[in-house]
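Undergrad: Let me give you the structure first, and then I'll get to my questions.
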Amino acid sequence: MSSEHPRVPVAGTAVSVDHYIGGRRVSSAETFEVRSPLDWSLKLADVSAGDAATAATAVDAACEAGADWAALGVAGRGAHLRRLAELIDETVGALAEIECLDMAMLLESLQKRVISRGARNFRAYADLAEAYSERTWSSNGTANRVERMPAGPAVVITPWNAPFMLATWKVAPALAAGNPVVLKPAEWAPLSASVLADLADEAGLPPGVLNVVQGRGAEAGAALVADERVRRISFTGSPETARAIGAAAAANIVPFTAELGGKGPLIVFEDADIEAAARTAAGQYDDSGQVCLAGTRLLVAEGILEEFLERFDAHTDAHVLGDSRDPATTISPLIHPDHLARVEGFVERARARGDAVLRGGRRHRPDGLWYEPTLIRPASNDSEIVQREVFGPVLTLQTFADEAEAVNLANSTRYGLSGVVFTGSRERADRVGRSVRAGTVWVNCFLVRDLTAPFGGCGISGLGREGGDYALDFHSDLKTLQVRQDTTA
Ligand code: NAD
């Protein structure tokens, strides 16, 4: 490690390419390259690649800051978090442009919705932590009280899709609960986390309370989760990585949450508003399908298939693949050439095994990272394209004869993050909503999220729940304090 602190201009903002540890910028001799998916020839930055020593230094800083941060109490911490939220709100424009260049999400949705969710996350957790009411009761001649104790240093590991929003979603409850945090963002989209560190600094968060370690998962990430001083690990990413992190967490007996991939069903019953269902189905191509919650398996009642497809095609035809900064664009490029190759591989294997490609199924143009919105009618429910998450603009289409078959198909993968149901019947909404095995089921709507609701997955889509009080409980050690009732002052 050295003490240089270079910054590079990204969309007009000077962004640090260093780690942020103990309130100061720290460089690594080794770096990794960050390019823009909007134009792969555009190198954005060489970012410090942390190693085991960097990880240990960051955990040192977190440990040092932990006691004072915990002692501040919920109100003291809340004041810091609310100040940070204000600064995020003031920086929405710059953050949106940086995130757009870094990972290609549509600029307009970053400006209008996604980045400000980050500010809301900090405010919401400041409020929720303050609103906690300790449970009290009497039993066996004692007064009982359940208290939340800060658990200790937390490591937060995030993926490259929606990196700023997801980082704040996970960092905010950890800080609100009283834990110092080490955040390691994904190496394919690390820049907005660096800006978050600047804003935390400006907000006056004490040194070491929020640390950002840049680097590759197998090096910086693996070293962080293996550190035995870490008391919580909050991870969002793929099931493969969750297995490795789970093994490290198990070795140190550390609770961890894992928000993982999805293969959500989008079920359309014959009594549904077919136009709304078709529009929502075509909307699953947004963000090029790089959305864990996407309903990527279209399950449509046999009797309405023709009408559904006609409407779905019209909405899909209206998509515009282009530069994410152009307001006319609705489909952005994929994040990385390796990811594009992965998506192509899924579709080629599907073709080879006899699944029918109904639309798309190829790159949009040779010189960019766009992939055409693709619809595949699988030869069978066992097809890889039905059973594994693609994380690209690729949907499958299957039909069902009745409600029981729809539910069986919906529950036929190992994932269980989300489900979407379109029906005109309230009874069916309740019945099917209850039967679909997933952490979140939306009926006649999609992606409306309440920050206080539990969030997570069943099966290989995840472990544990975050969101609302669930995240605050996760980041706390709950203590039962029992005092004999005849204890006098
Ligand atoms: P990934 O698992 O490859 O990487 C996620 C993070 O883990 C990165 O920061 C990476 O550097 C780090 N990492 C990798 N190996 C590690 C190791 N051995 N130890 C510690 N950290 C390590 O996932 P990705 O490709 O960045 O993200 C895409 C995946 O994330 C998809 O499967 C998607 O569905 C999932 N995702 C889930 C949610 C959710 O809330 N359920 C949200 C967004 C994305």
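The values are calculated or read from the model by the stated rules, or taken from the named source; none is laboratory data. Not measured: the values here are computed from a predicted model. Here Cβ is always computed from backbone atoms with ideal geometry, including for glycine, and neighbour counts include all displayed protein chains. Heavy atoms of the whole protein, side chains included, go into the accessibility calculation; ligands, DNA and RNA do not. Shrake-Rupley method; radii C 1.70, N 1.55, O 1.52, S 1.80 Å.
Undergrad: Just to be sure I understand the model, the point goes 7 Å from the Cα along the line to the Cβ. What's the resulting residue 52 to residue 314 distance in nm?
TA: About 6.2 nm, to one decimal.
Undergrad: Still on this model: Mind ranking 262-269, 135-142 by how tightly packed they are, going by the mean number of other C-beta atoms within 10 angstrom, highest first?
TA: 262-269, 135-142
Undergrad: Which is farthest toward the positive dipole end of the range 201-340 among 230, 335, 322, measuring Cα position about the Cα centre, with Cβ charges +1 (Lys, Arg) and -1 (Asp, Glu)?
TA: Value: 230.
Undergrad: Show which aspartates and glutamates lie in cross-link reach of residue 184 when reach means a straight Cα distance below 13 angstrom and same-chain residues fewer than eight apart are skipped.
TA: Answer for residue 184, where 13 Å is the Cα cut-off: 18, 51, 219, listed by chain and number.
Undergrad: Using just the alpha carbons, could you tell me how many Å³ per residue the convex hull of the chain encloses?
TA: Roughly 152 Å³ of hull volume per residue.
Undergrad: Take the Cβ-Cβ distance between residue 377 and residue 487 as r, set R0 to 60 Å, and report the resulting FRET efficiency rounded to the nearest 0.05.
TA: That gives a FRET efficiency of 0.25.
Undergrad: For residue 156, what is the net charge nearby, where nearby means another residue's Cβ is under 14 Å from its Cβ and Lys, Arg count +1, Asp, Glu -1?
TA: +1
Undergrad: Can you compute 3J(HN,Hα) from phi for each residue in the range 196-204, using the Karplus curve 6.51 cos²θ - 1.76 cosθ + 1.60 with θ = phi - 60°, rounded to whole Hz and x for Gly and Pro?
TA: So the J values, rounded to whole Hz, are 4, 4, 4, 5, 4, 4, 5, 6, x.
Undergrad: Could you give the semi-axes, largest first, of the ellipsoid that matches the range 406-465, computed as the square roots of 5 times the alpha carbon gyration tensor eigenvalues and rounded to whole Å?
TA: Gyration-tensor ellipsoid for the range 406-465: 19, 16, 8 Å.
Undergrad: At 222 nm, what helix-only mean residue ellipticity would the chain give, in deg cm²/dmol to the nearest 500, using -39500 (n - 2.57) for each DSSP H run of four or more?
TA: -11500 deg cm²/dmol
Undergrad: Another question, then. Taking only protein heavy atoms into account and a 1.4 Å probe, give the accessible area per residue of the range 1-50 in Å².
TA: So the range 1-50 comes to 46 Å² accessible per residue, rounded to a whole number.
Undergrad: Using the alpha-carbon centroid of each, what span in Å lies between the range 407-421 and the range 324-393?
TA: With the range 407-421 and the range 324-393 each reduced to a Cα centre, they are spaced 21 Å.
Undergrad: OK, next. Restricting to Cα pairs below 8 Å that are 6+ residues apart, what does the relative contact order work out to for the range 309-435? Please round to a whole percent.
TA: Averaging sequence separation for qualifying contacts and normalising by length gives 16 percent for the range 309-435.
Undergrad: Find the relative contact order for the chain and round it to a whole percent, using C-alpha pairs within less than 8 Å whose residues are 6+ positions apart.
TA: 17 percent
Undergrad: Sticking with this structure for a sec: Within the chain, what whole-number % of the accessible surface is contributed by carbon and sulfur, with the 1.4 Å probe and all protein chains included in the calculation?
TA: On the way: 9630 of 19080 Å².
Of all accessible area on the chain, carbon and sulfur atoms account for 50 percent.
Undergrad: Still on this structure, I have one more. Please compute the net charge surrounding residue 262, taking Lys and Arg as +1 and Asp and Glu as -1 over other residues with Cβ under 13 Å from its Cβ.
TA: Net charge around residue 262: +3.
Undergrad: While we're on this one: Percent relative contact order of the range 259-316, based on C-alpha pairs within less than 8 angstrom and at least six residues apart?
TA: Averaging sequence separation for qualifying contacts and normalising by length gives 51 percent for the range 259-316.
Undergrad: Cα centroids of the range 76-153 and the range 240-308: how far apart, whole angstrom?
TA: About 25 Å separates the Cα centre of the range 76-153 from the one of the range 240-308.
Undergrad: Taking the Cβ of residue 213 as the center, what net charge do the other residues with Cβ under 14 Å away carry, scoring Lys and Arg +1 and Asp and Glu -1?
TA: Computed value for this residue: -3.
Undergrad: What is the packing order of peptides 39-48, 150-159, taking the mean over residues of other C-beta atoms within 10 Å and listing the highest first?
TA: 150-159, 39-48
Undergrad: May I pose another question? As I understand it, the value is the acute angle between the Cα axis of helix 73-90 and the longest principal axis of the Cα atoms of the chain; what does it come to in degrees, rounded to 10?
TA: The angle comes out at about 50 degrees.
Undergrad: Sorted by average packing, counted as other Cβ atoms within 10 angstrom per residue and highest first, what order do 430-440, 185-195, 215-225 take?
TA: 185-195, 215-225, 430-440
Undergrad: Please compute the length gained on full extension between residue 72 and residue 478, using 0.36 nm multiplied by the number of residues separating them and subtracting their Cα-Cα distance.
TA: 144.3 nm
Undergrad: Compute the FRET efficiency between residue 42 and residue 247 as 1/(1 + (r/R0)^6), taking r as their Cβ-Cβ distance and R0 = 45 Å, and round to the nearest 0.05.
TA: Working from the Cβ atoms, E equals 0.75.
Undergrad: Please name whichever of 268, 289, 345 sits farthest to the positive end of the charge dipole of the range 244-368, dipole taken about the Cα centre and charges placed at Cβ: Lys and Arg +1, Asp and Glu -1.
TA: 345
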